[in-house]
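Novice: Let me give you the structure first, and then I'll get to my questions.
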Amino acid sequence: MKNVNKYLEILIEFSERKLKEHFKINELGFDQFETVNSYLIYQTIKESKKKKNTLIYIPDKETKSQFYIPAIFTLALYNFIDNYIDDTTVYEIGDILQKKGNRYQIIRKSDTNYTIKGIGNAIITLSKLQIKKYIITNADLKNRQVKLKFNSYKDFFKKILNVNENELPSKFKYKSIIVTDKNIVKEIKEHQISGEQIHKAFPFQYVTKSGKKTDNIPIDPMIYIVNDYETARNHILNKGISVRNITFIGQNKYKEHHLEITEDLNNGKIENCLLIGSADISTNAIPDIYKWKWTLSELDYFNYFTTYPINKIQVENNRFSFTLNSFDKSVKQIEEEYGVNLKELYKYVRSILPIIIPTPKSRLLSQLDNVLIYFEKEGEDIVETALDEIGEYDYDNIWNEIFENFSALINCKKISNLKFQKITNFQRIDYLVVPKEFLEIWKEELNSYKIKNIISFKDFNNLSVKNNTIVFLGFFGYTHLKSMMYNSNKINIILYPQEVLYFENCLNRLKRETYNELKNSDRKIISDIAFKETEQIENIDELINRIFNQDDEAKINPDYSENFATNILRELTFENDTEQLELDENKTVLLKLNQKERFEKVKNLKSGDKIRVYDNSSKEELYQVALEFDTNGEFIKIEEFSKLWKEELKAFYNNFNSITELHQILVKNGLSIKNELTLNNWIRPESDVKFPQRKKDLSVIKKTINSELLNNNYNDIFKYRIGYNRIMKSLGRKFSSEISDYIQNQRKGKLLKEFTAKQIQQFVDQNAKERIIKTIKAIDYE
């Protein structure tokens with residue numbers, strides 16, 4: 001980002017020039033990042049009379065240590081200048097003085113001179129001018145020379161500020177507080193300038209939570225360092241000690257204390273505050289708050305971390321690109337001809353792009369089969385509903401064309417192993433990142449000495465390694481990009497041309513967000529420097545925008561498959577067994593491979609698998625479990641709106657002579673169900689059917705009945721239909737998973753804790769025997 005680099009070059013030069021007006025910044029040995037932060041800190045604290053408070057946001061929480069030295073140096077220099085100019089040091093009888101290694105006590109004073117007593121009771125008389133060469137110390141009087149001679153204190157401020165070492169203040173009117181980890185003390189002790197330690201130059205005091213005080217040098221403290229704000233309030237602010245500003249370093253030091261900080265600002269206990277950390281705060285949390293948010297690209301410029309550019313490995317698949325363009329062209333022609341919006345179909349395209357099939361017999365092939373099944377079920381519903389809205393009921397040819405084009409996409413993916421070939425080209429892969437949902441399958445099927453570890457996206461985000469080769473199989477959007485950017489590992493990502501365009505779009509979005517932050521008016525106020533943008537950022541390709549709609553991006557979880565709206569059931573038959581099972585495809589079963597059992601979802605099973613399966617209790621029993629755990633009242637709403645549409649349908653049914661007559665009218669208006677028994681369940685309030693499976697059927701009922709009550713509540717009915725399906729699917733999976741875990745480990749999960757061991761065993765006994773799958777196929781019910 002050339003604009004960013006130019007802006008930072010100007011900011012660095014400006015910071016150095018402004019700081020040089022006040023002290024010799026070059027003598028501090030700061031790098032460029034420390035110099036700029038010192039300037040930002042100085043700009044904040046010097047505005048105390050204007051009551052300006054500042055947040056310096058850092059995107060990486062570990063960056064806070066980079067602020068320890070700039071913060072204490074800048075606060076010390078700023079306070080010292082004012083204390084030097086406005087020296088209010090008063091020498092009183094009883095004060096302990098020190099000059100070089102000798103200590104004295106004031107025993108008398110007059111209008112013109114002071115009498116002090118030193119080692120061996122030696123008496124010395126000093127004028128008011130002479131006594132300024134002595135430091136008032138809070139240490140005890142000694143009858144011998146002491147080791148600490150305040151040389152670092154005198155030399156540092158004399159060198160940096162060019163002041164008279166014989167006129168340094170001993171008491172400080174202007175003080176500050178730093179709230180941060182005790183590590184700051186360690187950093188100061190280890191810090192050197194030109195090979196010399198200088199920590200004894202700073203008059204700070206560390207105060208513990210209990211109130212114990214430790215002085216860095218035995219002198220009136222100019223800076224107080226505490227670990228939390230409660231300590232600052234209890235042992236400094238509430239003790240009447242005058243403090244003009246307070247600096248927080250680390251998000252956990254300020255993010256829970258907005259009210260207390262605001263109260264102390266309003267009461268005048270502190271003039272202003274500076275917050276430094278990786279947690280943002282709302283604009284109204286603290287009065288008159290200005291924000292400076294460091295961006296990752298800026299930290300990269302300062303070489304804060306060792307990074308590698310992301311290596312994009314493009315896979316040219318002309319057949320897939322041609323088929324995708326054919327699908328897109330077909331959908332857009334239909335949209336234009338009928339004036340409808342079918343963009344919802346593109347999420348199914350998005351879901352197949354990152355899928356890689358390592359072998360022709362891979363269990364991972366089921367991912368593509370699953371997407372096709374969902375597309376066939378939900379895609380037709382999307383097309384039918386869109387056309388139904390405009391009164392177009394003859395849609396079969398339209399849908400067949402769309403489905404044929406999408407099926408061609410699936411077939412392209414099944415026979416393409418171009419992405420997998422790119423994996424095999426690596427000499428070594430330290431970490432191959434795959435969806436957590438298929439992690440065990442990848443580990444079982446990918447047997448290569450070149451690949452040292454196979455991990456999930458969550459595992460990747462928790463890695464603390466450096467300089468490792470990491471490979472991704474596809475791209476999952478803006479959040480994924482930010483996790484890879486400015487990484488200390490060698491990131492490689494295998495992409496189709498469509499994914500490359502999406503990657504570039506997300507990169508442009510990152511640039512736009514960076515530029516927007518640099519143009520923030522708060523930055524200009526804090527630094528007096530304005531950012532000028534000259535680079536033009538390109539717009540996104542229309543097809544890519546359809547596939548990777550930004551509104552849908554928040555729903556993308558790279559560790560799991562796309563979350564589709566409806567359920568698919570799988571019918572399983574078994575060897576040497578006449579029983580058939582119909583299982584939710586997201587149900588978890590125990591799969592036995594190589595004499596070991598592990599969890600696997602039904603949708604990833606295949607013929608020949610040896611499994612143990614617990615089939616959930618009836619819907620009624622599961623629903624009762626759901627009611628037990630309905631802590632937020634969502635099921636009360638589900639019951640309310642389920643009852644509402646069924647009662648309206650029942651009232652409408654009273655206008656007909658039979659259920660057959662009602663069924664015929666609804667079918668004529670577009671109802672999809674063919675069985676009158678299903679309709680009969682809908683009008684029975686006591687049935688366990690809460691909502692129709694297909695949203696189009698709900699729409700048909702609404703249009704046919706056309707009652708004011710149903711029309712006004714339709715959006716809520718539709719909302720809680722989705723919520724009900726989501727909760728029941730999730731609950732079913734959790735309940736089944738807990739049963740499986742109980743079978744394996746005799747461990748009760750959250751749901752099973754509500755049942756006795758005898759009850760759980762009854763659940764297990766219903767169906768938990770080991771069986772070999774003979775056939776498995778997807779089925780669908782009304």
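The values are calculated or read from the model by the stated rules, or taken from the named source; none is laboratory data. It should be emphasised that the depicted structure is a prediction, and the values quoted were computed from it without experimental measurement. In this analysis, Cβ positions are derived from the backbone assuming ideal geometry, glycine residues included, and neighbour counts consider all displayed protein chains. Keep in mind that these areas ignore ligands, DNA and RNA; they rest on the heavy atoms of the full protein, side chains included. Shrake-Rupley method; radii C 1.70, N 1.55, O 1.52, S 1.80 Å.
Novice: Over 27 Å between Cα atoms, which of Lys443/Lys466; Lys18/Lys293; Lys239/Lys291 qualify?
Specialist: Lys239/Lys291, as the Cα separations exceed 27 Å there.
Novice: Based on the mean of other Cβ atoms within 10 Å per residue, sort peptides 472-484, 169-181, 208-220 so the most packed one is first.
Specialist: For the peptides 472-484, 169-181, 208-220, the packing ranking is 169-181, 472-484, 208-220.
Novice: A follow-up question, please. Aspartates and glutamates within cross-link reach of Lys519: Cα-Cα under 15 Å, excluding same-chain residues under 8 positions apart?
Specialist: Answer for Lys519, where 15 Å is the Cα cut-off: Glu298, Asp528, Glu533, Glu535, listed by chain and number.
Novice: Another question, then. Per-residue ellipticity at 222 nm for the chain, helices alone: DSSP H runs ≥ 4 residues times -39500 (n - 2.57), over residue total, nearest 500 deg cm²/dmol?
Specialist: The per-residue figure over the chain is -13000 deg cm²/dmol.
Novice: Give me the accessible area per residue for the chain, probe 1.4 Å, as a whole number in Å².
Specialist: Per-residue value: 48 Å².
Novice: What is the gain in length, in nm to one decimal, between Lys171 and Lys436 on full extension, counting 0.36 nm per residue of separation less the C-alpha to C-alpha distance?
Specialist: Extra length from Lys171 to Lys436 when fully extended: 89.2 nm.
Novice: So, one more: Short version: ³J(HN,Hα) in whole Hz for each residue of segment 571-584, in order, from phi by Karplus 6.51 cos²θ - 1.76 cosθ + 1.60 (θ = phi - 60°), x for Gly and Pro, what are they?
Specialist: In residue order, the calculated couplings are 9, 10, 10, 10, 5, 6, 8, 8, 6, 10, 10, 10, 10, 4 Hz.
Novice: Hey, another quick one. Please work out the FRET efficiency for the pair Phe656 and Phe599, using the Cβ-Cβ distance as r and a Förster radius of 51 Å; give the result to the nearest 0.05.
Specialist: For Phe656 and Phe599, the calculated efficiency is 0.55.
Novice: So, one more: Need the C-alpha centroid separation for segment 391-418 versus segment 670-740, integer Å.
Specialist: Value for the Cα centre distance between the two parts: 28 Å.
Novice: PRE reach from Lys149 (point 7 Å along Cα→Cβ): which of segment 165-202 fall under 18 Å by backbone N?
Specialist: Inside the label zone: 165-168, 196-202.
Novice: Next question, about the same structure. From the phi of every residue in segment 293-299, what ³J(HN,Hα) in whole Hz does the Karplus formula 6.51 cos²θ - 1.76 cosθ + 1.60 yield, where θ is phi - 60° and glycine or proline is x?
Specialist: 10, 5, 9, 4, 5, 6, 4
Novice: Something else now. Which order, highest average first, do 154-166, 498-510 follow once you tally other Cβ atoms within 10 Å for each residue and take the mean per peptide?
Specialist: Those peptides, ordered most packed to least, come out 498-510, 154-166.
Novice: Taking the alpha-carbon distance from Lys753 and a cut-off under 21 Å, which lysines remain once sequence neighbours fewer than 8 residues away in the same chain are dropped?
Specialist: Lys587, Lys619, Lys729, Lys734
Novice: Also: Roughly how many percent of the accessible protein surface of the chain is carbon and sulfur, given a 1.4 Å probe and a whole-percent answer?
Specialist: That share works out to 44 percent.
Novice: Run through segment 250-319 and list the trypsin sites (Lys or Arg not before Pro) located in a DSSP loop whose Cβ has at most 16 other Cβ atoms within 10 Å.
Specialist: Lys255
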